[in-house]
Structure formats: C-alpha cells, structure tokens
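Reading through the structure tokens given below for one structure.
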Amino acid sequence: MDLRRAHGSGFSRVARVCGGPEARGFRERQISQGWRNPSPATALRRVLPYVLLSGLALNCAAGESPQTTAAQQSRPNIVLIFPDNIGWGEVGVYGSVRGPLTPRIDKLASDGISLNNFNAEYSCTVSRAALMTGRYAIRTGATQSGGITLWEVTIAEALKSIGYATGLFGKWHLGGDVPEGRREPSDQGFDEFYGIPRTSNEAQTTVANGSTVAGTSYIWEGKAGERMRHVRVFDLESRRLVDREAASRGIAFMERQVRDRKPFFFYYPMTQIHFPTLTHPDFAGKTEAGDIGDAMAEVDHNVGLVLDAIDRLGIARNTIVFWCADNGAEARRPWRGSPGPWSGFYNSAMEGGIRTPCLVRWPGRIPAGRVSNEIVHEIDFFPTLSAAVGADIVPKDRAIDGVNQLPFLEGKQVKSSRESVLIFTGTNSMQPRAVKWHDWKFYYAFQAAPPLMRLFNLLSDPKEESDIKDANPWAESVMAKIVADFWATTARYPNVPPYAPDPYVPPKRD
Ligand SMILES: [Ca+2]
C-alpha cells in the first residue's frame, strides 16, 4: 500500500471539502491568521442546511428503527479519542511537519470545530485526572505512581448514573503503580476495560512501574464487578498491536450498545505516539517519515476505523466525537515529536507542553469547518458533556473548575465560557507555574525545558549542556541509592518541619 499516495489523495479531498472562504487551505488555518468568529447571519447560513437535513438524515440512516432514533436523540453517544503525546506538528490541519499523514483526522476537523487554543495538563496522569474529573489535577492529588482516589467522580461514573454504557479501550494511568484490585477502571465507572493499566514505556523492559521484576507489565482486560485479568505481557511486540486491538474492541462495544439501544461513552485513550513510538506492523516503515510518521498514520487509520463504524451503525448524527491529545509533543529521543509553532514538549508548562490539538464533531449541532482561537481546557469536558446529554451530572459537593462550552461549540455563543487557565507542574505546591489570561501568559517561575531527570558528565561537559541520561541507564539507580541512604536517616531523625515554632522538640522515636 502506498500510504503517501493514499494520504495525498485523502488530503486533497479534505482540502476540497474545507474549501470555503473560511478554510482556504491549511496554511491559512494556522494561528498566525487567527479565527474570526462568524456573524450570527453567517453562522445561521452555515448551520441551516444541517438543521433542514437533520430530520431527513435521522429517518434515512440505515438500520435505525424509530425507537432507536428516539432513544438516541434523548441522549447522544460520546466517543472520546485521546491519543498520547501528540504535538501540533504531527497533525495535518495543525500544520504537520512530516507531510499529509492524517487525512481522516483532517476530515474530522472539517466536519466539526478545530480548537487552536485547547489546553491540557502537562503530563499523562495529571491530564487524565483533569479530563475525567473536571478539576485541575492538583485538586485530586493525582500522581503517576499514586493515581487518584476513588472519592473522585469521573465522567464515566456520572454518565453511568444516567444509564450510559461506559467502555475504556486503551491507556488508564489513573490507578497508580498498583491499580489491580484497588483503582481499576471499573472502580471509576467503566463497565469494560481493555488496555494498559499504566503507561507505554513499560513495554521497553516489561517491568511494571513500581516493580523491579521483568515480566510484570501486562495488557489487561476487566469488567465491572470483576477484577482485571492478564491478556498478555506488554512488550515491544504487543506495544505495536494494542491500539488496533483497542479500536476493534471499542467498535464491538459500540455495536453491542446500538443493538441494545443504550447510549454509550466510548473512551479510547490511544497509546500512540508515546515512546516507544513503535507502530503496528501494517505501518512500520511505510510512510518514509520515520517512526513518528508511521505512528501518526496508524493513529489516523484507527480514527478512521472508529468513524467508519459510527457511520456503519447509522449513529453519526447522534454521536459526539472528540479527538484531543492528552498533553504536548513527545520529547524522548529518538522519538522526539514536533510541537509545531510552540516551544517546549510535554512535562513543560510552555505552550508546546499544554496546548494540544483538539477537534470536536457533532453533525447538526456543531457547525462544520470552524476554527477557533478561543481558550478551552480539558476540564471543560465534564460540564460540557453534562449539558450535551441534558442531565445535571456534575458533582456539587466539591470544587469543579470546568465550565460548560456547549453554547460556544454550537456557535450559539461567540466567545468561550473561559477566559483563563491555571498551569500547575507540581503535585504538592499550590503555587501555579503560570497563568494564561486571554492572549497573556504570566510565569511565576519560568522554565523553558521540561523538568525531567538529566545526567551530565562534569569532565567532558563542565557547563552541563549535554544530557546523556538515556545513554547511561545505570546512573539512575546509583544516584537513587545515595538519595535513599539520606532519606533513611530522616526516619530516625526527622527533618525539622518548615516554620516550626520554638521551642522545637523532635518527635519521640523508638
Ligand atoms: Ca501523555
């Protein structure tokens, strides 16, 4: 299969579909041009054909009985595709640096709204915590090794409470190092789960995070009321297969819910293109654009599988589809991604770490072909979905940071419901790293590069400029031993707490 040719023709097809005055080629859709919101009359002209067609399309859609249509109309299905570590520079409509590799994603953009100022938290777990709870992750105490507590109310739990079927196919990463039997997807509202409980790089060693033993990292499957079960070891071979398998299982999940006439929430947190960026054999080496190019072609293909299934099931008009990346571009070499026009990568508070591609499609409700520079945040999903499903399912007993963006997405409201974004990079400090307000970004502590572990050799590199950690994997454990020896002394002799008043008396120890 000549992917370049296939994607090339797909790309030009998208260009034709998008070819109105508001979308004259992809370059013009870049942020340098900005987006002027349409006048109400223009917006109405854009929407009117869909309003007029919607009744007809619902009646004509293959395989939909009148009852199905009525049930589906009352509660839309939600498909949330949430790929990992994809920067702006990988997506056609956001100005891909690797060529036209994403025709299906680009078509999704032209069928809905492209958000040019969509904000996420800066890393995998905190981003998922914010997405699922509608709260800045710092409120949840989310950490990679700890996850989030069962006290948090997730979108899945909220939707389940009003009769939705809920399925997670992909990457969980909200249950900490040991989610098994404690913090599984089924403990947070998901009826079904297939995928990896933690993160993709375990495939390099098969050592589960928090363990030191090879062969402890698995692909899992689970169901509500049961504990997770091993499917197979998560290694470099199964890492290549997991996203396709998740798509297949997710599609089967959608088919079952349509058959049972039940509204559904299909959450598809893809593992691509997080390192190791190794793709399905169908795509490995096929794009001539490197591992990331291959991975983006695979991501696009899997998006296409889901969209085709939605069409085949006749539910397109009653299904909201989101395609949004969890945080900024992958940074690890040799799989360093592109943040497009922005600086920084994931794990950074810079725009390249927190401003990610986000597309939303809801035919007949969200006008097609719109591009917006208005600020939206992933914490807005929860209240927005609450509005979209017509049920007040947002928890009232806790702080919720998200706001309802449905009127904005539908074009009924010109401006976003949000004017600002807080950016935290720590899990313990209430001090934000930065605040965005309209076009302004204020840093309390500016740090251009990701605060990742780094290793320098002071003889060959006295200025500490060349990070050689990934070439010296032995170093981390040597340093960890030195640190652990220090901390061991504090168990017997605790540190004096900051701001301890006088007279200070150390706590008694046996
Ligand atoms: Ca991520």
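The values are calculated or read from the model by the stated rules, or taken from the named source; none is laboratory data. Everything quoted here is computed from the prediction, not taken from an experiment. We place every Cβ from the backbone using ideal geometry, glycine too, and count neighbours over all the protein chains shown.
What the table shows:
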item: The listed residue being within 16 Å of Asp84 (Cβ to Cβ) and away from the ligand (no atom under 16 Å from the Cβ), out of Val299, Val321, Val303; result: Val303
item: Some residue of region 324-334 being at pLDDT 95 or above and within 24 Å of Gln257 (Cα to Cα); result: yes
item: Residue within region 458-476 that is of a type in the set (Gly, Ala, Ser) and within 30 Å of Thr140 (Cα to Cα) present; result: no
item: Matching option when the condition is surrounded by fewer than 21 Cβ atoms within 10 Å (Cβ to Cβ) and either more than 27 Å from Thr279 (Cβ to Cβ) or hydroxyl-bearing (Ser, Thr, Tyr) (or both), among Glu245, Glu255, Glu180, Glu221; result: Glu180
item: Pair list, Cβ under 9 Å, 6 or more apart: region 137-153 residue free of Cβ contacts under 8 Å to residues at least 24 places away in the same chain, other residue of a type in the set (Asp, Glu); result: Thr140/Glu152
item: Boolean, Leu385 is surrounded by 24 or more Cβ atoms within 10 Å (Cβ to Cβ) and away from the ligand (no atom under 16 Å from the Cβ); result: yes
item: Which listed residue, of Ser161, Ser186, is at pLDDT 95 or above, among the hydroxyl-bearing types (Ser, Thr, Tyr), more than 30 Å from Arg332 (Cα to Cα) and more than 22 Å from the chain's Cα centre (by Cα); result: Ser161
item: Verdict on Gly337 being crowded, with 23+ Cβ neighbours inside 10 Å, within 16 Å of the ligand (Cβ to nearest atom) and of a type outside the set (Ser, Thr, Tyr); result: yes
item: Number of the exception - Asp111 against (1) among the acidic types (Asp, Glu); (2) more than 16 Å from the ligand (Cβ to nearest atom); (3) surrounded by 24 or more Cβ atoms within 10 Å (Cβ to Cβ); result: (3)
item: Candidates Ile375, Ile354 - the one that is over 18 Å from Asn77 (Cα atoms), of a type in the set (Val, Ile, Thr), within 16 Å of the ligand (Cβ to nearest atom) and modelled with pLDDT of 95 or more; result: Ile354
item: Close pairs (8 angstrom Cβ cut-off, 6 or more residues apart or separate chains): assigned by TED's automatic domain parsing to the domain that holds Leu278 and within 16 Å of the ligand (Cβ to nearest atom) in region 82-105, aromatic (Phe, Trp, Tyr) and in a helix (DSSP H, G or I) anywhere; result: Trp88/Tyr94
item: Residue match in region 126-133 (condition: crowded, with 24+ Cβ neighbours inside 10 Å, farther than 19 Å from Ser372 by Cα, modelled with pLDDT of 95 or more and out of contact with any helix residue (DSSP H, G or I) (no Cβ under 8 Å at 6 or more places or on another chain)); result: yes
item: Residue match in region 257-277 (condition: among the basic types (Lys, Arg), on the phi < 0 side of the Ramachandran plot and free of Cβ contacts under 8 Å to residues at least 60 places away in the same chain); result: yes
item: Members of region 276-301 that are closer than 22 Å to Trp172 by Cβ and surrounded by fewer than 24 Cβ atoms within 10 Å (Cβ to Cβ); result: Pro276, Leu278, His280
item: Restricting region 115-136 to residues that are in a loop (DSSP other than H, G, I, E, B) and of a type outside the set (A, V, I, L, M), the residue that is nearest to the ligand (Cβ to nearest atom); result: Ser123
item: Filter pass, Glu180 being away from the ligand (no atom under 16 Å from the Cβ), modelled with pLDDT under 95 and within 23 Å of the chain's Cα centre (by Cα); result: yes
